[in-house]
Amino acid sequence: MPARHLLYLDANALHSFRWQQGSVVPTGRYTADDEGIKAFADAVRRAGSGLYTLLVDVVEEGFHADTLPSVRGPDRAAMLERKRSQTFFGTPFSGALSRGIDRSGRRRDERFLFVALTRPAVVEPWLQVLRAVNAPLTGIHSVALVIDSLIQRLAAPAERCLLVTYAPGGMRQTFVDQGHLRFSRLAPNLHAITPDTAARCAGEILKTHSYLISQRMLPRSGQLPVYILSDAADHAHLAPLLNASDERIYHHTDIAELGHKIGLNAPISGSDATPLMLHWIARESGLLQLAPANERRFFRVWQARQAIIGAGVALCAAALLFAGKLWFDTEAIKESTEQLRSDAAYTQRSLSQLQAALPVLPAPLDDLRSAFHALDAFQAGKASPRPWLSHLSVALDAAPELALQSIQWQSDAGDTPSKGVAKLRLPPQMAVDRRAMVDTAERFLADLARPPGIAARVTRMPVELQSDRAFRSSTDPAGQLPAPTLEVSFALGAGQ
């Protein structure tokens with residue numbers, strides 16, 4: 001957190017304080033002359049960075065209540081700026097407090113209280129010191145506006161009341177109407193209650209009461225509650241001079257108790273309400289301030305810088321969190337990988353042990369695997385040699401002299417015919433009778449070709465039928481000739 005420098009300005013001097021850990025610590029007093037202003041400039045340069053807040057407690061301030069049309073947006077800001085310039089001409093230190101909607105008339109109007117410091121020359125030398133070092137000024141506050149916010153902390157204030165406070169600037173009397181500031185008056189040189197000043201303090205209360213009645217802020221009939229903010233010892237000097245009547249009733253409000261209620265940690269000595277008001281300014285952020293925008297430009301720059309730094313810190317924190325998440329995810333993946341490797345090694349060892357316990361295979365494993373794959377492919381096919389073999393069997397039944405030696409069957413994919421080659425052996429005694437072998441082959445081929453549509457042909461005859469050789473019977477003995485063979489091929493049509 002940046003250092004908070006709280007400044008209290010009255011007609012005679014500037015008092016500087018440092019706000020830390022809920023306490024208001026005095027750091028210096030500078031008289032309102034060239035020497036005091038120079039000493040303050042040296043103190044500001046030594047203090048270095050920090051935020052400055054100015055509380056002004058002078059007689060030269062004005063209050064004006066008015067009713068304006070209820071508008072919003074840029075029109076509202078322009079209307080209030082124009083009204084402040086008309087009401088308090090010649091001072092840039094002014095502000096407007098909204099007092100709610102006025103429902104007494106037909107038009108929807110809004111009530112305002114305009115407040116201003118009517119003598120800028122009182123504030124200007126001190127602001128010039130802050131400008132010279134580019135010190136960020138959070139705002140310029142009026143004691144009356146601070147009391148307007150602070151009055152809500154009192155114990156059930158009346159509808160109309162007068163609050164009396166003491167500070168180095170003097171005795172301030174603030175009139176509150178309907179719970180809000182209506183008027184404030186400062187009596188200089190009455191900054192404390194002593195036996196010598198008690199009578200003057202009581203007289204100032206009577207003057208203020210008479211003024212409020214003359215301005216018709218108070219009815220002539222009615223009792224005005226007067227709250228005196230002081231400590232018990234000082235109030236003992238004033239109490240004998242305060243005579244309750246039908247017009248006024250006096251209440252003592254302990255300043256230390258109020259300070260504790262608003263969170264002020266440091267003890268308050270005497271009836272000086274300055275630490276209490278400065279602590280309230282430092283604590284509350286929504287108070288109305290009177291400084292124009294150009295006086296607060298360095299504070300706006302500081303706010304923008306803090307926002308950028310905060311955004312950078314947030315992005316850095318987010319990046320660190322993301323990096324931490326990635327690191328944890330990486331570690332989890334590493335652990336999972338190691339676990340998978342361990343499981344794979346264990347599975348491989350178990351598989352090796354199981355394979356070692358198996359009996360010896362009759363053939364290499366790759367050959368068996370290929371054979372099973374071929375068997376699976378064969379079983380998955382639609383074609384079967386059964387019809388082709390059945391047809392061959394019928395033809396062999398009609399030719400009992402033929403003996404089957406071997407077959408080669410095949411079937412292509414799709415609806416192609418089932419075809420094959422059969423190798424047959426004729427009786428050995430038929431080897432000497434070539435005509436009989438040819439007749440037997442032709443009869444067998446005719447049986448294979450039934451019914452029509454079956455393509456059957458002889459691929460190898462038992463005799464040679466070349467055109468350049470004579471067709472005759474052999475005269476060799478039958479026992480010396482090999483058994484003749486016949487080779488035929490036929491194909492079944494689709495659906496047979």
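The values are calculated or read from the model by the stated rules, or taken from the named source; none is laboratory data. Just so it is clear, the model here is predicted, and its values are computed rather than measured. All Cβ positions, even for glycine, are placed from backbone atoms using ideal geometry, and neighbour counts span all protein chains on display.
Residues that are part of a helix (DSSP H, G or I) and outside the structural domain of residue 279 (by TED's automatic domain parsing) within region 39-67 are absent altogether.
All conditions but one from (1) part of a helix (DSSP H, G or I); (2) in contact with a Cys (Cβ under 7 Å, 6 or more places away or on another chain) apply to residue 279; the one that does not is (2). In summary, residue 182 fulfils each of the numbered conditions (1) surrounded by 14 or more Cβ atoms within 10 Å (Cβ to Cβ); (2) within 19 Å of residue 251 (Cα to Cα) with the single exception of condition (2). Of the residues 198, 187, 167, the single one that is surrounded by 20 or more Cβ atoms within 10 Å (Cβ to Cβ), within 23 Å of residue 116 (Cα to Cα) and more than 54 Å from the chain's Cα centre (by Cα) is 187. Of all residue pairs spaced 6 or more apart or on separate chains, those with beta-carbon atoms under 6 Å, a first member in region 226-237 that is in the same structural domain as residue 162 (by TED's automatic domain parsing) and charged (D, E, K, R) and a second member that is crowded, with 20+ Cβ neighbours inside 10 Å and not in a helix (DSSP H, G or I) are 231/271; 234/193; 234/271. So, of the residues in region 108-138 that are outside any strand (DSSP E or B) and of a type in the set (D, E, K, R), which turns out to be nearest to residue 185 (Cα to Cα)? Among them, the one singled out is 119.
When every residue of region 279-290 is checked against the conditions, none turns out to be touching a helix residue (DSSP H, G or I) at 6+ places or on another chain (Cβ under 9 Å), in the same structural domain as residue 147 (by TED's automatic domain parsing), within 12 Å of residue 229 (Cβ to Cβ) and at pLDDT 90 or above.
Residues that are touching a Pro at 6+ places or on another chain (Cβ under 6 Å), assigned by TED's automatic domain parsing to the domain that holds residue 265 and assigned to a helix (DSSP H, G or I) do occur in region 31-38, at least one of them. Screening the candidates 105, 90 for the property of being farther than 30 Å from residue 189 by Cα, more than 42 Å from the chain's Cα centre (by Cα) and modelled with pLDDT under 90 yields one hit, 105.
The requirement of being basic (Lys, Arg), part of a helix (DSSP H, G or I) and without any contact (Cβ under 8 Å) to a residue 12 or more places away in the chain is fulfilled somewhere in region 82-104, by at least one residue. Within region 234-242, one or more residues are under 26 Å from residue 13 (Cβ atoms) and either part of a loop (DSSP other than H, G, I, E, B) or of a type in the set (A, V, I, L, M, F, W, C) (or both). Against the test of being surrounded by 12 or more Cβ atoms within 10 Å (Cβ to Cβ), of a type in the set (Gly, Ala, Ser) and at pLDDT 85 or above, the options 456, 446 yield a single qualifying residue, 446.
Among the residues of region 68-81, those identified as hydrophobic (A, V, I, L, M, F, W, C) and either touching a Pro at 6+ places or on another chain (Cβ under 8 Å) or part of a loop (DSSP other than H, G, I, E, B) (or both) are 71, 79.
Of all the listed residues (347, 337, 330), the sole one being exposed (fewer than 11 other Cβ atoms within 10 Å of the Cβ), β-branched (Val, Ile, Thr) and under 29 Å from the mean Cα position of the chain (by Cα) is 330.
Of all the residues in region 51-74, those that are farther than 29 Å from residue 136 by Cα and among the acidic types (Asp, Glu) number 1. When residues in region 280-299 are screened for being touching a residue at least 12 places away in the same chain (Cβ under 8 Å) and more than 35 Å from the chain's Cα centre (by Cα), 4 of them pass.
Is there a residue in region 167-178 that is in the same structural domain as residue 248 (by TED's automatic domain parsing), modelled with pLDDT under 85 and among the acidic types (Asp, Glu)? No, region 167-178 has no match at all. Residues that are of a type outside the set (Asp, Glu) and either assigned to a loop (DSSP other than H, G, I, E, B) or modelled with pLDDT under 85 (or both) within region 393-418 comprise 399, 400, 402, 409, 410, 411, 413, 414, 416, 417, 418, listed in sequence order. The number of residues in region 22-40 that are of a type in the set (Gly, Ala, Ser) and over 23 Å from residue 281 (Cβ atoms) comes to 1. Checking each residue in region 19-31 for being touching a helix residue (DSSP H, G or I) at 6+ places or on another chain (Cβ under 9 Å) and either of a type in the set (Asp, Glu) or without any contact (Cβ under 8 Å) to a residue 24 or more places away in the chain (or both) picks out 26, 27, 28, 29, 30, 31.
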